[in-house]
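A.B. asks: Let me begin by handing over the structure; questions about it come next.
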Amino acid sequence: MAKLFIASFGAETNTFSPIPTGIQSFEEAILAHGKFTQTPMSGFLPSMHVWREMAEAQGWEVVESLTAAAIPAGKVVASVYGSFRDEIMCDLQEAGPCDMVLLNLHGAMVAEGEDDCEGDLLKACRDIVGPDVILGALLDPHAHLTDKMVDIADILHFYKEYPHTDISDRARELFDIALKTSTGDVKPVMSVADCRMVSMFLTTQEPAKGVVEQLVEFEQSHPTVLAASLVHGFPWGDVEDNGAKALIVTDNDYALGQVLANRLVDHIWSARDGTISYYTDLDDALALLADKQDGKPLVLAEFGDNSGAGAPSDATYIIQKLLDQYINDVAIGMLWDPMVLQMAVNAGEGAEIDVRLGGKVGPVSGEPLDLTARVAALRDNINQPFGERTVPTERVALLETNGLSIVVNEKRRQPVHPIIFEELGVDIAAQRALIVKSSNHFYAGFAPIADQIIYLKSPGAVTPDFAKIPYRKRSLNYWPRVDDPFADLRRAEVKKGSGTDG
Ligand SMILES: [Zn+2]
């Protein structure tokens, strides 16, 4: 009987976040030792279930190891990374000879002392199973694609959509390609081209929507193309291999793969301005807000302090500016300050307290604010509707100060629905603006009540000001930091063409 080994281990590491990703970060998200597929399948992490089902339908034996996913934050603590890695490798040793190993990875995990966790995990698996066992991985496009990963794995496959709505489909495709490899029907080889670009690619709108269409076209119109991916990159991971890359997996047709990978890079390059055009400077947005008289509130996305991408979510830059400019009737949520939350709970609803609010986690959060505030409301938890799921807030308090309504939370959670303001008694219609510490997950919930949605180019651990991310390890030769990151290649071409070195 053929045997499949599966494991899942991932984190999206924001190396600029001072918050360590420790054991608690996994326990609060997903952590199951070998029995994850016994829980109901969810849209969030379906791959393990999909692979078990497909393998068992083929009459294969399935050996299941760890499933671990973390709430996004800073680097994974070395001992935690080491113990989960060891757990997977021990299970793989104990499983005995396997025919296929499939890993569900994120792709942007950075641990203390290891910048390329995925390359490291693939290498450790390869060392155990040897060169002939099929080794494949499914990854989130917010990943750092390294040469090591490409050299060691047989097949790497990525979700195409952001928001990630296509995980199950991609998991199935990976299994199919791996199965055809096991029967000798195909021999996967991977071709990569670097976009030399750091940006975000929302595939629900142009230009990234057209990129997905091109990927599908590559897969459908070329018989030797097994899979085509755009690795978006994760801008806030300071590692050498950070950035967008095109990856084409072909049936032993490396040259075609390279041609198509380069074609994809050309497509993205020509559409590059469209990927950053929707961010607004903070001061421009505040000017709009100060002038606003009536109508529905503006919704301002404080992209730079989104806990969902690893930021602390206690940044004070915008509140400070609102105070400085005496702008009132603005509600802000959610600011992570468990200490202030505790003071508010102890003082009780209606109390007035002096607080040193936010700005505590580190320099990325700005300065703390010394304020006198009224505890307008307290709640143990608010369940925010989010598609078919709900996202809890856990304990929250509404603080009112200087005409501002600030929702403070105890656990780092992202706002995805205006219920976080409504349940605490904020009169939404009376606000000039709602400021949400979120990148895009807030959109469905807030769009219906918004006059206009503005994505802020604000500071913080996930600033969308891609030209200014303070990389130390990543090369600075990327767009939009430089206008033409391919200039060196062109110069080399000209030199070669001229046939002289002067
Ligand atoms: Zn992602």
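A.B. asks: Can you confirm whether Leu31 is buried (at least 24 other Cβ atoms within 10 Å of the Cβ), of a type outside the set (S, T, N, Q) and at pLDDT 95 or above?
C.D. replies: When the stated conditions are applied, Leu31 does not pass them.
A.B. asks: Could you list all residues from the stretch 223-273 that are within 24 Å of the chain's Cα centre (by Cα) and of a type in the set (Lys, Arg)?
C.D. replies: Lys245, Arg272
A.B. asks: Does the stretch 1-9 contain at least one residue that is out of contact with any helix residue (DSSP H, G or I) (no Cβ under 9 Å at 6 or more places or on another chain) and farther than 22 Å from Asp115 by Cα? Reasoning before the result, please.
C.D. replies: We begin by selecting, within the stretch 1-9, every residue out of contact with any helix residue (DSSP H, G or I) (no Cβ under 9 Å at 6 or more places or on another chain); these are 1.
If we keep only those that are farther than 22 Å from Asp115 by Cα as well, we get 1.
Yes, because at least one residue in the stretch 1-9 is out of contact with any helix residue (DSSP H, G or I) (no Cβ under 9 Å at 6 or more places or on another chain) and farther than 22 Å from Asp115 by Cα.
A.B. asks: Here is a list: Leu121, Leu102, Leu145, Leu92. Which entry is crowded, with 24+ Cβ neighbours inside 10 Å, away from the ligand (no atom under 16 Å from the Cβ), on the phi < 0 side of the Ramachandran plot and outside any strand (DSSP E or B)?
C.D. replies: The unique qualifying residue is Leu121.
A.B. asks: Go through the stretch 217-332 and tell me which strands (runs of 3 or more DSSP E), entirely inside it, have 1 or more residues that are out of contact with any Phe, Trp or Tyr (no Cβ under 9 Å at 6 or more places or on another chain), of a type outside the set (A, V, I, L, M) and more than 19 Å from Phe442 (Cβ to Cβ).
C.D. replies: Here the list reads 245-251, 279-281.
A.B. asks: Among the residues that make up the stretch 310-317, is at least one of them more than 24 Å from Thr15 (Cβ to Cβ), modelled with pLDDT of 95 or more, crowded, with 18+ Cβ neighbours inside 10 Å and not polar (S, T, N, Q)? Explain how you work it out, then say what you get.
C.D. replies: Narrowing the stretch 310-317 to residues more than 24 Å from Thr15 (Cβ to Cβ): none.
No, the stretch 310-317 contains no residue that is more than 24 Å from Thr15 (Cβ to Cβ), modelled with pLDDT of 95 or more, crowded, with 18+ Cβ neighbours inside 10 Å and not polar (S, T, N, Q).
A.B. asks: For a quick check of your reading: which strands (runs of 3 or more DSSP E) sit entirely within the stretch 389-473 and have at least 2 residues that are closer than 17 Å to Ile318 by Cα? So that I can check it myself, show each step before the final result.
C.D. replies: Values: elements: 389-392, 396-401, 404-409, 433-436, 452-457.
Passing ranges, in order: 396-401, 404-409, 433-436, 452-457.
A.B. asks: Residues in the stretch 196-203: is at least one over 27 Å from Arg490 (Cα atoms) and either part of a strand (DSSP E or B) or in the same structural domain as Glu53 (by TED's automatic domain parsing) (or both)?
C.D. replies: Yes: the stretch 196-203 contains one or more residues that are over 27 Å from Arg490 (Cα atoms) and either part of a strand (DSSP E or B) or in the same structural domain as Glu53 (by TED's automatic domain parsing) (or both).
A.B. asks: Let me ask something else. Report, by residue number, each residue of the stretch 452-464 that is at pLDDT 90 or above and touching a strand residue (DSSP E or B) at 6+ places or on another chain (Cβ under 6 Å).
C.D. replies: Gln452, Ile453, Ile454, Tyr455, Leu456, Lys457, listed by residue number.
The values are calculated or read from the model by the stated rules, or taken from the named source; none is laboratory data. Fair warning: this is a prediction, and the values are worked out from it, not measured in the lab. So basically every Cβ, Gly included, is an ideal-geometry build from the backbone, and we count neighbours across all protein chains shown.
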